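The values are calculated or read from the model by the stated rules, or taken from the named source; none is laboratory data. What you see is a predicted model, and the numbers here were worked out from it, not measured in a lab. Cβ: placed from backbone, ideal geometry, glycine included. Neighbour counts: every protein chain shown. Accessible surface is based on the protein model in full, side chains and every heavy atom, while ligands, DNA and RNA are left aside. Shrake-Rupley method; radii C 1.70, N 1.55, O 1.52, S 1.80 Å.
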Amino acid sequence: MYANRQSPSAVKSADLDNDGDSDIVVSKENFSNGFVVLKNQGNFLLSVPVKYNSTRASKNIVVAGIDNDGKKDIALTNSGVNFEGKTISVYFNQGNGIFGTATSYTVGAYPVGIAAVDFDNGVDMDLAVANNRQPGGTVSILANTGNGVFAGAVNFPAGQTPYKITVAKINNDNLVDIIVGKEARKMNMLFNK
């Protein structure tokens, strides 16, 4: 158990310091915000947690090579405690699993789910975000214009209260689609065209 354990919301693992083993990233919600990094020291030992702040409590996090420099970066939802969040934050890995200051992007109301994938079959990771409290429910797509810089969000209808999302090639057209899990115990699929 790590000492800074208040309100974890999502856990991901990835090799953040390029030493060949998986490190742990935990997003924080409710009475906290941002995320913590626990580096794998080997022999089942984790480092002391290093905390990175965000503007709001976070419901989800994704780890991916966003700026194509060979290091894993982090993007998280700034959900907020009372559904007030409307942004995501991207943190670039500066090397050795140390992250720089966040760059934030506006999405829809109460962003919850987040995924990173190359939607346009280019070379850059794009982001998809489920906006839980946006009227009608939406998914925001942020296209990576190169080196981890994102264009403004483009919103697509996703049905009421989208919550979590995942991405996969569903209909055999070689384009990545989005599967949206909703609070109403339903799911929707958004097909990439």
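Quick look at the values:
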{"item": "Those residues of the range 92-116 which are within 18 Å of P135 (Cα to Cα) and either in a loop (DSSP other than H, G, I, E, B) or open to solvent by 20 Å² or more (accessible area, probe 1.4 Å) (or both), in sequence order", "result": "T106, V107, G108, A109, Y110"}
{"item": "Residue list for the range 14-68, restricted to those being surrounded by fewer than 23 Cβ atoms within 10 Å (Cβ to Cβ), β-branched (V, I, T) and not in a strand (DSSP E or B)", "result": "V48, T55"}
{"item": "Among (1) under 18 Å from I61 (Cα atoms); (2) at pLDDT below 90, the one test that G148 misses", "result": "(2)"}
{"item": "Within the range 135-155, tally of residues that are closer than 20 Å to F191 by Cα and either among the polar types (S, T, N, Q) or assigned to a strand (DSSP E or B) (or both)", "result": "8"}
{"item": "Qualifying position, being open to solvent by 40 Å² or more (accessible area, probe 1.4 Å), in contact with a strand residue (DSSP E or B) (Cβ under 6 Å, 6 or more places away or on another chain) and within 20 Å of K193 (Cβ to Cβ), among N155, N144", "result": "N155"}
{"item": "Number of the condition not met by S47 [criteria: (1) hydroxyl-bearing (S, T, Y); (2) within 19 Å of I114 (Cα to Cα); (3) at pLDDT below 95]", "result": "(2)"}
{"item": "Checking F119 against (1) in a strand (DSSP E or B); (2) in contact (Cβ under 8 Å) with a residue 60 or more places away in the chain; (3) not acidic (D, E), the condition it does not meet", "result": "(1)"}
{"item": "Those residues of the range 159-188 which are of a type in the set (A, V, I, L, M, F, W, C), modelled with pLDDT of 90 or more and either open to solvent by 60 Å² or more (accessible area, probe 1.4 Å) or farther than 25 Å from F83 by Cβ (or both), in sequence order", "result": "A168, I170, L175, V176"}
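Table: residues versus (1) small (G, A, S); (2) in contact with a Gly (Cβ under 6 Å, 6 or more places away or on another chain); (3) more than 15 Å from N78 (Cα to Cα).
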site	(1), (2), (3)
G136	yes, no, yes
S140	yes, yes, no
G146	yes, no, yes
K193	no, no, yes
